[in-house]
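Structure first, then comments.
We did not get these values from a lab; they are worked out from the coordinates using the rules stated. Keep in mind that this is a model prediction, so the values were computed, not measured. Please note: Cβ atoms are built from the backbone with ideal geometry, for glycine as well, and neighbour counts cover all protein chains shown.
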Amino acid sequence: MNEYWLVALILAVIIIAGLAYYAGKLLKQLSAQNQAQQQAELAHQQALAKHDQNVLASVKIIVRAMQEEQCDFSEGCWRLSVLLDSLKLSSELAQQFPAVFKLYDEIKHLSILDDRKQLDKKQRMKQDYQRMTVEAQLHSEIVSDLDLLQQYTTERMTILNT
């Protein structure tokens, strides 16, 4: 009878040791998987930051060109709106720079490039008038937004570089 208890005890110890080994192995795999996920997330965040740095550099150039009147407000706001919408780590920029986005919303339906070339002169002039009217209405607000946008891009690029 004592032998049966001894054999049962030895089997129980072997089974428990096997299960403990297996549990340790699973915990090690889980730890490795969690570490790999963290590294993947970090790499993803770094890629997003790199993308945003490139976009912000372009935004900064366009803002400067608009401030120095080397770029029409319509073209600049169009480009800025598209670029700012493509930022991955920023949101609610339309609320921060409303005039830039408003001008874009007012002119985005107008013809550009080859489509514009295909318009007759009267239609082109009508669209130019619409564009210039909206630009004139929003001019001072856009100038303010450009100053804020210049500051925003400088701050965001500093943050992303750290």
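Within the set of pairs 6 or more residues apart or between chains, which connect a residue that is touching a residue at least 40 places away in the same chain (Cβ under 8 Å) inside segment 29-55 to a residue that is loosely packed, with under 11 Cβ neighbours inside 10 Å and not basic (Lys, Arg) with Cβ atoms less than 6 Å apart? Sorted first by the residue in segment 29-55, then by its partner, the list stays empty. If the condition is being of a type in the set (A, V, I, L, M, F, W, C), loosely packed, with under 15 Cβ neighbours inside 10 Å and not in a loop (DSSP other than H, G, I, E, B), then segment 76-124 contributes Val82, Leu113. Does Val63 satisfy the criteria of being part of a helix (DSSP H, G or I), among the hydrophobic types (A, V, I, L, M, F, W, C) and within 22 Å of Gln137 (Cβ to Cβ)? Criteria met by Val63.
Of everything listed in (1) among the charged types (D, E, K, R); (2) in contact (Cβ under 8 Å) with a residue 60 or more places away in the chain; (3) closer than 20 Å to Glu68 by Cβ, the single unmet condition for Glu141 is (2).
For every residue, the table says whether it meets (1) in contact with a strand residue (DSSP E or B) (Cβ under 7 Å, 6 or more places away or on another chain); (2) of a type outside the set (Gly, Ala, Ser); (3) closer than 30 Å to Asp145 by Cα.
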| site | (1), (2), (3) |
| --- | --- |
| Leu19 | no, yes, no |
| Lys25 | no, yes, no |
| Leu30 | no, yes, no |
| Ala40 | no, no, no |
| Gln45 | no, yes, yes |
| Phe73 | no, yes, yes |
